[in-house]
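Down below is the structure, laid out as structure tokens.
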Amino acid sequence: MSENVSISRVALKKITPDVSVAMGSLHGAAVSAAQDAKVEPELLELIRIRASQINGCAFCIDMHTKDARAAGETEQRVHALNAWRDTPFFTARERAALALTEAVTLVHDGRVPDTVYAEAAAVFDEAQVAALIWAATVINAYNRIAIATRMVPGNYQPAPKN
């Protein structure tokens, strides 16, 4: 249950610019690691959306569903993502990445089970598994920032394609 009381929240970028820059650098390093490991950018968007759904981060859901669609993701898959286990729309690689993302996001519910990790390790190499863990970790941190500061969804627009 959410509160309807709205109070002014801290502007993290303004008050702690060095930390905000460091967070941006972490995000950039995680994206670079994924690129170096040949993890598909579209898969990273699915990871970001799924973690944001679990965490209830409206700002990040808005942002990453727009980014995913701009990258060519279908409406059907975006809408079905929170029920990915029950649809035929996702590949074995995507399913393994989504399961790992959910386990990292819900780490308080029992860690990352060996079965989930083994499933990911069966379809991704070590560098790719590392990149997936970093991607899930970074979006979870961003979710917490957006939720804690009540970032308002709706105005984000993806960068235009070149």
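The values are calculated or read from the model by the stated rules, or taken from the named source; none is laboratory data. The model shown is predicted, which means the values in this text are computed figures rather than measured ones. A quick note on method: Cβ atoms are made from the backbone with ideal geometry, for glycine too, and the neighbour counts reach across all protein chains shown. For accessibility, only protein heavy atoms count, side chains too; no ligands or nucleic acids. Shrake-Rupley method; radii C 1.70, N 1.55, O 1.52, S 1.80 Å.
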Fraction of accessible area attributable to carbon and sulfur, the chain (%, probe 1.4 Å): 58 percent
Residue with peak Gaussian network fluctuation, the chain [Cα springs, cutoff 10 Å], from Leu12, Leu43, Leu132: Leu12
Mean Kyte hydropathy of 0.5 or more with a Cα span along the axis of at least 27 Å, helices from DSSP in the chain: 126-148
Ellipsoid equivalent to region 106-158 - semi-axes via the Cα gyration tensor, in Å: 28, 15, 8
Shape parameters for region 1-81, alpha-carbon atoms, Rg then Dmax in Å: 15.3, 44
For region 41-142, with +1 on Lys and Arg beta carbons and -1 on Asp and Glu, the positive-most of Met63, Leu46, Ala96 along the dipole: Met63
Region 68-111, Cα convex hull volume normalised per residue, Å³: 86 Å³
Thr16/Ala159 FRET efficiency (R0 30 Å; Cβ-Cβ; nearest 0.05): 0.75
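Under a Cβ-Cβ cut-off of 14 Å, what is the net charge of the residues other than Val112 that fall near it, where Lys and Arg count +1 and Asp and Glu count -1? Don't jump to the answer; show the numbers that get you there.
Details: positive: Arg111; negative: Glu102, Asp109, Asp114, Glu119.
Neighbour charge sum, excluding Val112 itself: -3.
Per DSSP helix of 4 or more residues, -39500 (n - 2.57); summed, then divided by the residues of the chain. What does that give at 222 nm, rounded to the nearest 500?
Details: 8 runs with 105 residues, N = 162.
Value at 222 nm, helices only: -20500 deg cm²/dmol.
In Å², what does the accessible area per residue of the chain work out to with a 1.4 Å probe?
Details: 9550 Å² over 162 residues.
Result: 59 Å² of accessible area for each residue.
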More than 19 Å apart - percent of Cα-Cα pairs taken over region 72-162: 53 percent
Kirkwood-type radius of the chain, with distances r between different C-alpha atoms, in Å: 16.6 Å
